[in-house]
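Take a look at the structure below.
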Amino acid sequence: MEARNSVIPLNTLRDVNGVLVNANITAITPEEHKQLLKMPRYRDELARIIGVIADERTPATDRFKAAKELKKMREGGIGGNTAGPAVASPAELPRVMLARDEIEDEKMRFVSRAAYGAKAAFTMQMAKSRPSGSSEDAEGFYTVNIEAAPAKPESGGNRSFDWQNKITLQLTRNEIVVVAAVFYGFMPSCTFSSHGPANDKGFSMERKDGGIIARVNATGRSYAVKLTPPDIFYMGAILTRQLLTQTPWLDSQMLRDLLQGAFSDGAAQPGPAATSTQPARPASAEQNNAPTADGKLHCSECNYTIDQKITDYSTKKHGRALCLKCQKKQ
């Protein structure tokens, strides 16, 4: 992607220290890194300084000044006062996103979240796709693998699962964006198919009854698990990390805003291999299924009090909260 040409992707602490060591600067310790992540002001300042040091187009004198500024900052402590902006202005520098974590590509397979139901289990795991022949994916892209396995009949109350009979899928570049929109609450559901060598695998995500129903299927098999709010949080964090690593010029707020904008009314469908339910129109609190001042849910047309089940059904079918009487008028 052309945008990557103006970005220095310092996604891990090792990337950052690689820049410093090449400039004969002492590497940042893990403890310093943890302190830095707690203070956005100094994190951004350090990102600016490292951007100067890392950019080969920067004159040697400016890189030397940046190295001195970094030394002064570290000698005074991460939490101490730092000098004002030196050398180039931020507008003149390439965009730098300082290390968000210490997860190397080869260690991503160890970062996952599992959810367990009475009849099946579901997992989401960090992954990176294999390089392809296209220029867009020449180096692969950051995504997730999802797996589902049935419960063993003889497991009883121990809840063991038949992982030998699991279904495994890897989300495409477009699918991970749509799935993230469901986890963020900007889409009520999504369905994808045509996975696997025989194009016989697929999956769906549907918000329902305060959770997300994750369903993975293949010919003759279908496993579903309801994800709880904690599952949604931790799996959403995995999706967020992968999308931000793939687009290092974004921060978490920019990502959220883009997802919200992309999946508002009138958004394009994600692709020919996928179908997705249109999201509810962003409007009043009632239309967005949020309780009003009295703590209850109401019909967006007549303000009649309705329960969560009716709200979920009408939102899915009509795009907003409606009582039974007003649903008949639609």
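The values are calculated or read from the model by the stated rules, or taken from the named source; none is laboratory data. Worth saying up front: this structure is predicted, and the values here are computed from it rather than measured. Here the Cβ is made from the backbone with ideal geometry for all residues, glycine too, and neighbour counts use every protein chain on show.
Between a residue in segment 219-230 that is assigned by TED's automatic domain parsing to the domain that holds residue 122 and more than 11 Å from residue 167 (Cα to Cα) and any residue that is buried (at least 16 other Cβ atoms within 10 Å of the Cβ) and charged (D, E, K, R), which pairs come within a Cβ distance under 7 Å, given they are 6 or more apart or on different chains?
224/215
So which residues in segment 201-223 are of a type in the set (A, V, I, L, M) and in contact with a Pro (Cβ under 8 Å, 6 or more places away or on another chain), if there are any at all? Steps first, please.
Pass one, segment 201-223, residues of a type in the set (A, V, I, L, M): 205, 212-214, 216, 218.
Of everything in segment 201-223, nothing turns out to be of a type in the set (A, V, I, L, M) and in contact with a Pro (Cβ under 8 Å, 6 or more places away or on another chain).
Scan segment 79-88 and tell me whether some residue there is within 15 Å of residue 19 (Cβ to Cβ) and either modelled with pLDDT of 50 or more or not basic (Lys, Arg) (or both). Break it down stepwise before answering.
First, pick out the residues of segment 79-88 that are within 15 Å of residue 19 (Cβ to Cβ): none.
No, segment 79-88 contains no residue that is within 15 Å of residue 19 (Cβ to Cβ) and either modelled with pLDDT of 50 or more or not basic (Lys, Arg) (or both).
If you scan segment 215-240, which residues turn out to be touching a Ser or Thr at 6+ places or on another chain (Cβ under 8 Å) and within 14 Å of residue 115 (Cβ to Cβ)?
Hits for segment 215-240 are 215, 216, 238.
For segment 131-152, what are the residues that are closer than 25 Å to residue 204 by Cβ, free of Cβ contacts under 8 Å to residues at least 60 places away in the same chain and not small (Gly, Ala, Ser)? Even if it seems obvious, please write down each step before you answer.
Applying the first criterion (closer than 25 Å to residue 204 by Cβ) to segment 131-152 yields 137, 141-152.
Applying the additional criterion that residues be free of Cβ contacts under 8 Å to residues at least 60 places away in the same chain yields 137, 145, 151-152.
Selection gives 137, 145, 152.
Please report, ordered by residue number, the strands (runs of 3 or more DSSP E) entirely within segment 135-233 with at least 3 residues that are of a type in the set (Val, Ile, Thr).
142-150, 211-218
Looking for something over 18 Å from the mean Cα position of the chain (by Cα) and modelled with pLDDT of 50 or more - is there at least one such residue anywhere in segment 240-260?
Taking segment 240-260 and keeping what is over 18 Å from the mean Cα position of the chain (by Cα), we get none.
Looking for residues that are over 18 Å from the mean Cα position of the chain (by Cα) and modelled with pLDDT of 50 or more, one finds none in segment 240-260, hence no.
For segment 312-322, enumerate the residues that are assigned to a helix (DSSP H, G or I) and either touching a Pro at 6+ places or on another chain (Cβ under 6 Å) or over 15 Å from residue 206 (Cα atoms) (or both).
Here is the first cut: in segment 312-322, the residues assigned to a helix (DSSP H, G or I) are 312-318.
Residues satisfying the conditions are 316, 318.
Filter segment 190-205 down to the residues that are in contact (Cβ under 8 Å) with a residue 40 or more places away in the chain and buried (at least 19 other Cβ atoms within 10 Å of the Cβ), then identify the one that is nearest to residue 260 (Cα to Cα).
Selected residue: 190.
Mind telling me which of the residues 39, 73 ends up being modelled with pLDDT under 75 and surrounded by fewer than 14 Cβ atoms within 10 Å (Cβ to Cβ)? Give the derivation first.
Details: 73 fails: surrounded by fewer than 14 Cβ atoms within 10 Å (Cβ to Cβ).
Sole residue among the options that is modelled with pLDDT under 75 and surrounded by fewer than 14 Cβ atoms within 10 Å (Cβ to Cβ): 39.
For segment 98-106, state whether one or more residues are closer than 30 Å to residue 143 by Cα, among the β-branched types (Val, Ile, Thr), modelled with pLDDT under 80 and surrounded by 13 or more Cβ atoms within 10 Å (Cβ to Cβ). Reasoning before the result, please.
Filtering segment 98-106 for residues closer than 30 Å to residue 143 by Cα gives 98-106.
Those left that are additionally among the β-branched types (Val, Ile, Thr): 103.
Within this subset, residues satisfying the condition of being modelled with pLDDT under 80 are 103.
In the following step, the residues that additionally are surrounded by 13 or more Cβ atoms within 10 Å (Cβ to Cβ) were identified as 103.
Checked against the condition, which is being closer than 30 Å to residue 143 by Cα, among the β-branched types (Val, Ile, Thr), modelled with pLDDT under 80 and surrounded by 13 or more Cβ atoms within 10 Å (Cβ to Cβ), segment 98-106 yields at least one hit.
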